[in-house]
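One structure coming up, written as structure tokens, with questions to follow.
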Amino acid sequence: MARTATVVFAVACLLLPVVGVAGEREDQAFEQLKTLAGTWDAETPHGPAVFNYRVASAGSIVIEEMFPGTDHEMITVYHRDGERLVATHYCAVGNQPRTALDASAPASEGLHFAFTGGSNMKLEDGHIHEWTIRFVDAAHVEEKWTYWEGGKEQQSSAFTMTRRAAE
């Protein structure tokens, strides 16, 4: 019995560093997202666009507003859910894909959000399935969004955003 307790204790000690870092990447990523607060200009495959970011609800969410004031306006809300960093994308097509940060993706490649489900949609319906946000520097961010339909990727759109000078 004492040997079993010793083995269990040793295994628990080995796992402690792993448990200690769970959520650490998500914490760092969420803090990075908060630095986006402000207005950004982008050249997208659909033409020039404006993106607005703001931190709200006592710092517990980041709201991304894409194409504000247009027929294609969309909102994405990022927040923590326990140790996870999650986002819900309120799409112009009327559905709400949910994603979570893929913490196993290399940090050098940016923040990769992968599909976890959605509302007002079937899996085969057209939806944003994943996206990556890569911080180039304080004034430039690259994003790549992937659209799925029929259960597979249909198109990807990549663009660079430039922070608008404070007015």
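Any read-out appearing in this document is the output of simple, stated calculations on the displayed coordinates, not a laboratory observation. Since this is a predicted model, take the numbers as computed values, not measurements. Cβ sites come from the backbone with ideal geometry, for glycine too, and all protein chains shown count toward neighbours.
Given H placed on each backbone N at 1.01 Å, which residues far from residue 44 in sequence or on other chains put an amide H within less than 5 Å of it?
Amide H neighbours of residue 44, under 5 Å, 5+ apart: 49.
First select every other residue whose beta carbon is under 15 angstrom from the beta carbon of residue 152; then total the charges, Lys and Arg +1, Asp and Glu -1.
-4
Taking amide H atoms as placed 1.01 Å from N in the peptide plane, list the residues 5 or more away in sequence, or in a different chain, whose amide H sits under 5 Å from that of residue 116.
Residues meeting the amide H criterion: 98, 99, 100.
As I understand it, the value is the acute angle between the Cα axis of helix 2-21 and the longest principal axis of the Cα atoms of the chain; what does it come to in degrees, rounded to 10?
Tilt of helix 2-21: around 20 degrees.
Ordered by residue, what ³J(HN,Hα) values in Hz, to whole numbers, does the range 117-126 give under the Karplus form 6.51 cos²θ - 1.76 cosθ + 1.60, where θ = phi - 60° and Gly and Pro are x?
With coefficients 6.51, -1.76 and 1.60, one gets x, x, 10, 6, 7, 9, 4, 7, 5, x Hz.
Applying the Karplus parametrisation 6.51 cos²θ - 1.76 cosθ + 1.60 with θ = phi - 60° to the phi angles of the range 157-163, what ³J(HN,Hα) value in whole Hz is obtained for each residue in order, glycine and proline being reported as x?
With coefficients 6.51, -1.76 and 1.60, one gets 10, 10, 7, 10, 9, 10, 5 Hz.
Return the inverse of the average 1/r over all pairs of distinct C-alpha atoms in the chain, which is the Kirkwood hydrodynamic radius, in Å to one decimal.
The answer is 17.5 Å.
Within 10 Å of each residue's Cβ, count the other Cβ atoms and sort 153, 142 from fewest upward.
Sorted ascending by nearby Cβ count, the order is 153, 142.
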